Structure formats: C-alpha cells, structure tokens
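Asker: So that we are looking at the same thing, I have put the structure below in structure tokens.
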Amino acid sequence: MSSFKSSTGLPENIAAAVCYFFPFVGPVVFLALEKRSRFVLFHALQSLIAFGVLMVAHVISGFIPLIGGFIGAILSLLAFSVWLLMLFHSLSGRWYKLPWAGDLAESQLLQL
C-alpha cells in the first residue's frame, strides 16, 4: 500500500484505482483535481486512453455485419480483463504500463 497522499487527500494507490473502477468519470475527475501525484495522473491518463479506445472499437464493431457481435464479445472480455489487471496493479502501487496506451499516457504526462 502506498503511504503517499494525492492532492485530493486519498492515498495514491486508491486514487489511481478509482480511475479504473469508474473508467470515464474517475480519470476526468482526477485529471481536473490532482496537482501533485504523477502516479495518479499517469493512471488517469492511461485509463481514459485505454477504455476510450476499447469503447470506440466496441461501437464500431456493432456496425460490422455477421461477425460484429463476436468481435464485440471479444472486446468486452478484453475490457474486463484489462479492468481487473489495472485495478490490481494500481491498488498494489505499481506503475504498470499497458502496451500503446501506457506509452501515450506517459508522453502526455510529460507535457502536463
């Protein structure tokens, strides 16, 4: 467990986990409120990017005839797996980077 507090008063690992537990609202709230913790900001950005891309892909798969439902089911399973994985890593206080989304979040974090 992280003993460091974010500027919101929550421990960093809890604040980062909230970004994944509430995939769209949590990251937006912490991007707006967090001023100190790079850990929380990284996880907020990564969550927003990863789940945003998965949501767009899921919507697009709905327009594909015949196999769209299958692709949507696979994307839902992937989203659930990523959600569980990132909840675990953020609660453990780890800087776990997802492929592509983590790199993009890291580059955006450097610009904040």
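Nothing in this text is a laboratory measurement; each read-out follows from the coordinates by a stated rule. All values derive from a computational prediction rather than experimental measurement. Counting neighbours? That spans all protein chains shown, and the Cβs are built from the backbone with ideal geometry, glycine included.
Asker: Dividing the convex hull volume of the Cα atoms of the chain by its residue count, what figure in Å³ per residue is obtained?
Answerer: Numbers: hull volume 9.8 nm³, N = 112.
Expressed per residue, the convex hull around the Cα atoms of the chain is 88 Å³.
Asker: At 7 Å along the Cα-to-beta-carbon direction for both Leu66 and Lys97, put a label point, then send me their distance in nm to one decimal.
Answerer: 4.0 nm
Asker: In degrees from 0 to 90, rounded to the nearest 10, what is the angle of the helix 38-61 Cα long axis to the longest principal axis of the chain?
Answerer: In the chain, helix 38-61 runs at an angle near 10 degrees to the longest axis.
Asker: Projecting each Cα onto the charge dipole of the chain (Lys/Arg +1, Asp/Glu -1 at the beta carbon, about the Cα centre), which of Val28, Ser47, Gly9 comes out farthest on the positive side?
Answerer: Gly9
Asker: Still on this structure, please answer the following. Please compute the length gained on full extension between Ala73 and Arg38, using 0.36 nm multiplied by the number of residues separating them and subtracting their Cα-Cα distance.
Answerer: Numbers: separation 35, 0.36 × 35 = 12.60 nm, distance 3.39 nm.
Gain in length upon complete extension: 9.2 nm.
Asker: What's the exposure ranking of Phe21, Phe42, going from fewest to most Cβ atoms within 10 Å? Present the calculation step by step, with values, prior to reporting the outcome.
Answerer: Values: Phe21 16, Phe42 22.
So the ranking, lowest neighbour count to highest, is Phe21, Phe42.
Asker: Sum -39500 (n - 2.57) across every DSSP H segment of at least 4 residues in the chain, then divide by the residue count to get the 222 nm mean residue ellipticity, nearest 500. List each step's numbers first, then the result.
Answerer: Working: 5 runs with 78 residues, N = 112.
It lands at -23000 deg cm²/dmol.
Asker: Using a 10 angstrom cutoff on alpha carbons, build the Gaussian network for the chain and name the most mobile of Leu98, Leu45, Leu77.
Answerer: Leu77
Asker: Now for a different question. Could you pull out which residues in region 69-102 have an amide N less than 16 Å from a spot 7 Å beyond the Cα of Leu109, following the Cα-Cβ vector?
Answerer: Those under the cut-off are 86-102.
Asker: Using 0.36 nm per residue, how much length does the chain from Val56 to Ser7 gain when fully extended, once their Cα-Cα distance is taken away? Don't jump to the answer; show the numbers that get you there.
Answerer: Details: separation 49, 0.36 × 49 = 17.64 nm, distance 3.14 nm.
Difference between extended and current length: 14.5 nm.
Asker: What percent do you get for the relative contact order of the chain when only Cα pairs under 8 Å and 6+ apart count? Intermediate values should be presented prior to the final figure.
Answerer: Numbers: 137 pairs, mean separation 33.3, N = 112.
Relative contact order comes out at 30 percent.
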